[in-house]
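A.B. asks: Sharing a structure with you now.
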Amino acid sequence: MGEERKELFKVRFQRLYPRLCRIAYGYVSNMDDAEDIVQELFINVWNKRKDALTEEEFTAYMTTSIKNCCISFLRKKQGNFVSIEDYTSVAIDRPDEHYEEAEEAKSTENLLQVALASLPPKCKHVFLMAKLHGLKYREIAEQLNLSEKTIENQMSRAIKILRTFAAENASLRSAIITIVLSIFINCK
């Protein structure tokens, strides 16, 4: 069984490695970093025996995992703030059908997720309470047992980080501006 596992892993590695490197490069814009991230992912998969998944499950797992690994890498690199400068589009430089994942990494939805992930945890929690649940600052303060001023500070911090993120990415500007405006109108 050990030799069969090694052979299957080798085949999967050879098949997925180039694709995963392109996805990673779409996030980190540095091929050495992208290759390191992909190699570390394969090592972790081997150690955790995730290679026992079916072919389809394994491919889906690896595609999702590489995106998460890249976001974690960028967080560490930027000290918990992910800059859009780290996202250059590989697909523009070398168009090819295999670059769908790199373009997907650039999609507005993914970028918005990265923008939200760049918020510190407490700040993100307050921001999502205001945006997703439509709570007013007073209501959030009561639920979290914090002062209304603390909630205002957390929201200001979130908005500042998101504004910086939006300034670096034109495709997110309107989405983030809409979110920020709706918060100011609904939360005070």
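A.B. asks: Sequence neighbours fewer than 8 away in the same chain don't count; with that in mind, list the lysines whose C-alpha is under 25 Å from Lys10.
C.D. replies: Answer for Lys10, where 25 Å is the Cα cut-off: Lys48, Lys50, Lys67, listed by chain and number.
A.B. asks: Across region 146-156, in residue order, what do the Karplus-derived ³J(HN,Hα) couplings come to in whole Hz, using 6.51 cos²θ - 1.76 cosθ + 1.60 with θ = phi - 60° and x for Gly and Pro?
C.D. replies: Once rounded to whole Hz, the list reads 10, 7, 4, 5, 4, 5, 4, 5, 5, 5, 4.
A.B. asks: I've got another one for you. Give me a comma-separated list of calculated 3J(HN,Hα) values for region 48-60, in order, Karplus coefficients 6.51, -1.76, 1.60 applied at θ = phi - 60°, integers in Hz, x for any Gly or Pro.
C.D. replies: Along region 48-60, the couplings run 8, 6, 6, 6, 6, 5, 5, 4, 5, 5, 4, 4, 5 Hz.
A.B. asks: Related question: Could you name the lysines whose alpha carbon sits less than 24 Å from that of Lys136, not counting residues in the same chain fewer than 8 places away?
C.D. replies: Within the straight-line cut-off, Lys136 pairs with Lys122, Lys124, Lys149, Lys160, Lys188.
Just so you know, all these numbers are worked out from the coordinates, no wet-lab data involved. Bear in mind that the values here come from a model prediction, so they are computed numbers and not experimental data.
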